[in-house]
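Trainee: Sharing a structure below in structure tokens format, with a few things to ask.
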Amino acid sequence: MDQLGSRAPKKRSRALAVPVGLALTASLAFLPVVSASAAPLGTTADAAPASKADTSGPKLSYVANLNAYATMKAAKKAVERAGGTVVTAYEQIGVAVAHSQNPDFAKQLRAQRGLFVSVGATRTAPMTAARTTDEGATQQLSAADAAKAAAAAQEGQEPLEPNQWDLRTIKADKAHKINDGSRNVTVGIIDTGVDDTHPDLAPNFSKGQSANCVGGVADTTEGAWRPYADGSDHGTHVAGTIGAARNGIGVSGVAPGVKIAAIKVSEPGTSLFYTEAVVCGFMFAAEKGIEVTNNSYYVDPYLFNCKTDDDQKALVEAIGRATKYAERKGTLHIASAGNSDQDLAADSLVDDTSPNDTTPVPRTIDPKVCLDLPTQLPGVVTVSATGDKGLRSYYSSYGLGVVDVAAPGGDKWQVPDTPDANGRVLSTVPGGGYGYKQGTSMAAPHVAGVAALLKSAHPSATPSQLQAMLKAQSTKAACPTRIYNAAGTLVDATTCASKWGQTGYYGYGVIDALKAVK
């Protein structure tokens, strides 16, 4: 997540860019089998709300999760009687998205236990016509730094590659001499949108697997997947790290031979990532045959979603059903751990940012019960961030048994020996430019790129097999003695725990692109 971007301060991405930033579940073995036909992916129901329903409240969006024996037809009728309108229905996973102005809408549906397992509002603010996890704002590449990089480029390197310390850290530069990745593999970037007109992204962009899922219904019209005019550069930056082409123009991605697709899920203006859009994103990826998704964000409006809360429980279940469905269809999910410098394996944490779309109410939560979505969901690969010196980045969240692997996310205090001497990650930004960001939002796409290389080398591998290879091929990293804090001071690394061949900071280790292609 970049801070803004990755775990953006709060919101929504998990990227930590230079001046300000972007940033980012639960075990759901239960997946309902719905017998009746439901509205297909992306369709809208036209039923009018029941005339007697209360409509005095703000218009909110809800997810309704059906039980194993309920039909979607019966669920839709119940929604209408309660004063709601079904926006889209996913028969495959038994989830309906609805809008309603009835203040008791969720309560009335929850009372119908023969139909619904859980029902919850996806937001606390009235719907408006959205954010990510990176740390800090984007730092644009200057003409002077671009010239210095180009002057230092060696034969076979992209013009800006001398500044890409992150590629060398995971041996992606060596991997490219063996295999750039297969055109039969697509990485779906569930994010703020991607500028597919960027010269480094256009050669690998897959329009047929791209969409705008904001609102919960996939819009595949030309350009719908691009960032809003007033929107974030987060998704475009992530896209470059994964799949910028080796075409002699700018930077190189970790997997420059695979295809990339954009699935936009962030609201305009606020860059908030709401549940209905994220569920749509995972379902769209599954139906379009996307092999890997990158998720450098957390789902708004809650940093942690508690299964003891009726609304938040429903969000966990809806997204959990969607990720599991996509996994069963062959999609591996990669997610950023977040930029809050929190131990996700702790007994308790303070969440003072939720809900972030209205007024936050500070609370102490148990991260085993209150989940960071989608990063803590079963089957999702959770990624922490490191800097050029191999130390955990000062902002990166961590957790023994929670973090699976680590990857370069950038750290302004870990300064590399590059022409620009910039410890952040350089990648593409809208309009054909390049910029630096830091955050776990920047770490996750490195892992997504390596996963794509693995899938290219092992086309029949399942998501669970790809995840096992990612872990087994990672370079082991022990707990460090010291790390940098937010002020740039080296302090004792007392928060790093180790066990079972893993550490809380790095999981099974730092990912390795060269091993993936060998």
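Trainee: Can you name every residue in segment 313-339 that is surrounded by fewer than 24 Cβ atoms within 10 Å (Cβ to Cβ) and under 20 Å from residue 105 (Cβ atoms)?
Mentor: 313
Trainee: While we're on this one: List the helices (runs of 4 or more DSSP H) inside segment 93-184, counting only whole elements, that have at least 2 residues being at pLDDT below 95. Please lay out each step first, then the result.
Mentor: Details: elements: 105-110, 143-152, 165-169, 172-175.
The helices (runs of 4 or more DSSP H) meeting that bar are 143-152.
Trainee: Would you point out the residue of segment 369-425, among those that are open to solvent by 10 Å² or more (accessible area, probe 1.4 Å) and of a type in the set (Gly, Ala, Ser), that is farthest from residue 325 (Cα to Cα)?
Mentor: 421
Trainee: Select, from 291, 287, 267, the only residue that is in contact with a Phe, Trp or Tyr (Cβ under 9 Å, 6 or more places away or on another chain) and either open to solvent by 10 Å² or more (accessible area, probe 1.4 Å) or farther than 17 Å from residue 440 by Cα (or both).
Mentor: Details: 291 fails: in contact with a Phe, Trp or Tyr (Cβ under 9 Å, 6 or more places away or on another chain); 287 fails: in contact with a Phe, Trp or Tyr (Cβ under 9 Å, 6 or more places away or on another chain).
Answer to the selection: 267.
Trainee: While we're here: With respect to residue 83, is the statement that it is at positive phi and at pLDDT below 85 true? It would help to see each step written out before you state the result.
Mentor: Working: at positive phi: yes; at pLDDT below 85: no.
When the stated conditions are applied, residue 83 does not pass them.
Trainee: For segment 202-216, how many residues meet the condition of being surrounded by 24 or more Cβ atoms within 10 Å (Cβ to Cβ) and over 19 Å from the mean Cα position of the chain (by Cα)? Before the answer, list the steps.
Mentor: Initial filter on segment 202-216 (surrounded by 24 or more Cβ atoms within 10 Å (Cβ to Cβ)): 204, 210-214, 216.
After this cut, where a residue has to be over 19 Å from the mean Cα position of the chain (by Cα) as well, the list is 204.
Number satisfying all stated conditions: 1.
Trainee: Read through the list (1) part of a loop (DSSP other than H, G, I, E, B); (2) open to solvent by 10 Å² or more (accessible area, probe 1.4 Å); (3) under 20 Å from residue 210 (Cβ atoms); (4) of a type in the set (Ser, Thr, Tyr), then give the number of the only condition that residue 297 fails.
Mentor: Checking residue 297 against (1) part of a loop (DSSP other than H, G, I, E, B); (2) open to solvent by 10 Å² or more (accessible area, probe 1.4 Å); (3) under 20 Å from residue 210 (Cβ atoms); (4) of a type in the set (Ser, Thr, Tyr), the one that fails is (2).
Trainee: Pick from 353, 359, 323: which is at negative phi and touching a helix residue (DSSP H, G or I) at 6+ places or on another chain (Cβ under 7 Å)? First the steps, then the outcome.
Mentor: On the way: 353 fails: touching a helix residue (DSSP H, G or I) at 6+ places or on another chain (Cβ under 7 Å); 359 fails: touching a helix residue (DSSP H, G or I) at 6+ places or on another chain (Cβ under 7 Å).
From the options 353, 359, 323, the qualifying one is 323.
Trainee: Looking at residue 476, is it at pLDDT 95 or above and surrounded by 17 or more Cβ atoms within 10 Å (Cβ to Cβ)? So that I can check it myself, show each step before the final result.
Mentor: On the way: at pLDDT 95 or above: yes; surrounded by 17 or more Cβ atoms within 10 Å (Cβ to Cβ): no.
For residue 476, the condition - at pLDDT 95 or above and surrounded by 17 or more Cβ atoms within 10 Å (Cβ to Cβ) - is not met.
Trainee: Do we have residue 60 as open to solvent by less than 20 Å² (accessible area, probe 1.4 Å), at pLDDT 95 or above and closer than 21 Å to residue 123 by Cα here?
Mentor: Numbers: open to solvent by less than 20 Å² (accessible area, probe 1.4 Å): no; at pLDDT 95 or above: yes; closer than 21 Å to residue 123 by Cα: yes.
No; evaluated as a whole, the condition is false for this residue.
Trainee: Return yes when residue 251 is over 18 Å from the mean Cα position of the chain (by Cα), surrounded by 24 or more Cβ atoms within 10 Å (Cβ to Cβ) and either β-branched (Val, Ile, Thr) or under 24 Å from residue 375 (Cα atoms) (or both) and no when it is not. Full working, then the answer.
Mentor: Values: over 18 Å from the mean Cα position of the chain (by Cα): yes; surrounded by 24 or more Cβ atoms within 10 Å (Cβ to Cβ): yes; either β-branched (Val, Ile, Thr) or under 24 Å from residue 375 (Cα atoms) (or both): yes.
Here the answer is yes, as residue 251 does meet what is asked.
Trainee: Let me ask something else. Name every residue in segment 365-388 that is acidic (Asp, Glu) and more than 23 Å from residue 347 (Cβ to Cβ), in order of residue number.
Mentor: Step one: filter segment 365-388 for residues acidic (Asp, Glu), giving 366, 372, 388.
Within segment 365-388, just 388 meets the criteria.
Trainee: Looking at (1) open to solvent by 30 Å² or more (accessible area, probe 1.4 Å); (2) within 26 Å of residue 143 (Cα to Cα); (3) of a type outside the set (Gly, Ala, Ser), which is the one condition that is false for residue 481?
Mentor: Result: residue 481 fails condition (2) only.
The values are calculated or read from the model by the stated rules, or taken from the named source; none is laboratory data. Not measured: the values here are computed from a predicted model. Ideal geometry is used to build each Cβ from the backbone, glycine not excepted, and the neighbour counts take in all protein chains shown. Keep in mind that these areas ignore ligands, DNA and RNA; they rest on the heavy atoms of the full protein, side chains included. Shrake-Rupley method; radii C 1.70, N 1.55, O 1.52, S 1.80 Å.
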